[in-house]
1. Would you confirm whether any residue within the stretch 100-107 is over 33 Å from the mean Cα position of the chain (by Cα) and either in a strand (DSSP E or B) or within 26 Å of residue 45 (Cα to Cα) (or both)?
2. Based on this model, can you work out whether residue 249 counts as in contact (Cβ under 8 Å) with a residue 24 or more places away in the chain, more than 30 Å from residue 194 (Cα to Cα) and part of a strand (DSSP E or B)?
3. Tell me which strands (runs of 3 or more DSSP E) are completely within the stretch 18-94 and hold 2 or more residues being at pLDDT below 90, or say none if there are none.
4. Could you look through the stretch 268-301, keep only residues that are charged (D, E, K, R) and part of a loop (DSSP other than H, G, I, E, B), and pick out the one that is nearest to residue 323 (Cα to Cα)?
5. What tally of residues in the stretch 251-272 results from selecting those that are closer than 30 Å to residue 306 by Cα, of a type outside the set (Val, Ile, Thr) and at pLDDT below 90?
6. Go through the stretch 320-346 and count every residue that is more than 21 Å from residue 277 (Cβ to Cβ) and at pLDDT below 90.
7. Look at residue 285 and say whether it is within 30 Å of residue 250 (Cα to Cα) and surrounded by 14 or more Cβ atoms within 10 Å (Cβ to Cβ).
8. Under the condition of being surrounded by fewer than 18 Cβ atoms within 10 Å (Cβ to Cβ) and more than 30 Å from residue 359 (Cα to Cα), which residue from the stretch 256-282 is nearest to the chain's Cα centre (by Cα)?
Amino acid sequence: MKLAKSWIWFTVTLITTFFFVGMLFLLSPSPTMAKEKKDLPPRSIAVYPEYTGVVVSQGEEVSIDLTVANRGRHDEDIMLSLPSIPEGWKARIKTYSFGVTGVHVESDKTKNLTLRAEPGPKIGPGTYRFAVQARTTDNRLTSSCQVTITVKPKTGEKVSKGVNIISSYPVLRGPTDAKFEFSLEIENKLEKDSIFNLTAKGPENWDINFKPAYEQKFISSVRLKADQSQTVAVSVKPYPLAEPGKYTIQVRVSSPGAKAESTLTVILTGTYKLEAGTPNGLLSLNALRGKTANFSMYVKNTGSAILNNITFLSFKPENWKVKFNPERIDALAPEELKQVEVSVTPSDQALVGDYSLTLRAEAGNPPKADKSIELRATVRASAFWGWIGIAIILFVLAGLVYLFIRLGRR
């Protein structure tokens, strides 16, 4: 009898142990949204201009966008300087309203500034080079770049000897949804002060306005003294539904004693827009550890220009595999849609739970349009081990029934 009771207690203990072990396996804590760790160096900085070389007319000031990048893991205080400025020029690094000698840049971020160069009255045609240097406050990291400014003699259209219109960049090119800004220099060649009216005639439904240089207010006339010149900006916003192509804008400057005209050209390349998603709208996926799960996504060109060289990237947890079929789309016409098959294989060591995947489509190099989708991948345990647990429980229960039947007969 004591032996039978010992077997019963042993069996109950064994069942309880298997039950708790199974629950711990199925309900073990896992990362809710596992994210990829960025593979960044400990410290890295860079400084570079939007344009490394520009051509301007004699006497024209230059403003070039300057980017300061922190590509390391830690925030940095970066000092900026211009160690080489050509003689006769004034140059500084500035933001919208003041000069800048240092900037704080967070990890994996960039800051945009402006390199401003002003020629002196004796600066003639030629090539001038400006050096830009960035360094950390501890002087351990440095980066430098160079901007080349080529000065050409003044050229432009002149209709009468009373007034000149000089346009350094009469042709601008860009997407339909961009804003274009031309710079015009108006010279009063009359022997007296005069007020010049500003008018422009462009395509229908286009928004065209005149502004003082580096200001946002709109103007319709400008007062110039004798032999004085002033720079005026022409702001152009194309009609949103304008087709890709070449468009001309006729600018006219007139006063009672003189008039002049100039033709500006805008070349529209269309808009670059890319849409991505899943056919059913669901952004979730179930997968087993080490097993491949498949799903479909689509990419669609919602712009008005052809998108070329569309590639796919994935940001995934460590040791996961993501494959796209096809891996690249050569061209996608406006309103065209294509389906892409995606296979996701979790790591063999992945824990049960939810993970985050980012799938990204990029068109062009450098990208002209891109789109990312966030996908939740749920890793589940294999059903094989669940059946093994059930089989063990059934075996133990059968043993208990056998013991009770046998002991009941005694």
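1. Pass one, the stretch 100-107, residues over 33 Å from the mean Cα position of the chain (by Cα): none.
No, the stretch 100-107 has no match at all.
2. Numbers: in contact (Cβ under 8 Å) with a residue 24 or more places away in the chain: yes; more than 30 Å from residue 194 (Cα to Cα): no; part of a strand (DSSP E or B): yes.
It is false that residue 249 is in contact (Cβ under 8 Å) with a residue 24 or more places away in the chain, more than 30 Å from residue 194 (Cα to Cα) and part of a strand (DSSP E or B).
3. Numbers: elements: 45-49, 53-57, 62-70, 76-84, 89-94.
Answer list for the stretch 18-94: 53-57, 62-70.
4. Taking the stretch 268-301 first, the residues charged (D, E, K, R) are 273, 275, 289, 291, 300.
Restricting the remaining residues to those that are part of a loop (DSSP other than H, G, I, E, B) gives 273, 289, 291.
Details: 273: 24, 289: 16, 291: 13 Å.
If we take residues in the stretch 268-301 being charged (D, E, K, R) and part of a loop (DSSP other than H, G, I, E, B), then 291 is nearest to residue 323 (Cα to Cα).
5. Residues in the stretch 251-272 being closer than 30 Å to residue 306 by Cα, of a type outside the set (Val, Ile, Thr) and at pLDDT below 90: 2 in total.
6. Counting residues in the stretch 320-346 that are more than 21 Å from residue 277 (Cβ to Cβ) and at pLDDT below 90 gives 0.
7. no
8. Result: 267.
The values are calculated or read from the model by the stated rules, or taken from the named source; none is laboratory data. Treat the numbers as computed from the prediction; the structure is a model and nothing was measured. All Cβ positions, glycine included, derive from the backbone under ideal geometry; neighbour counts span all protein chains shown.
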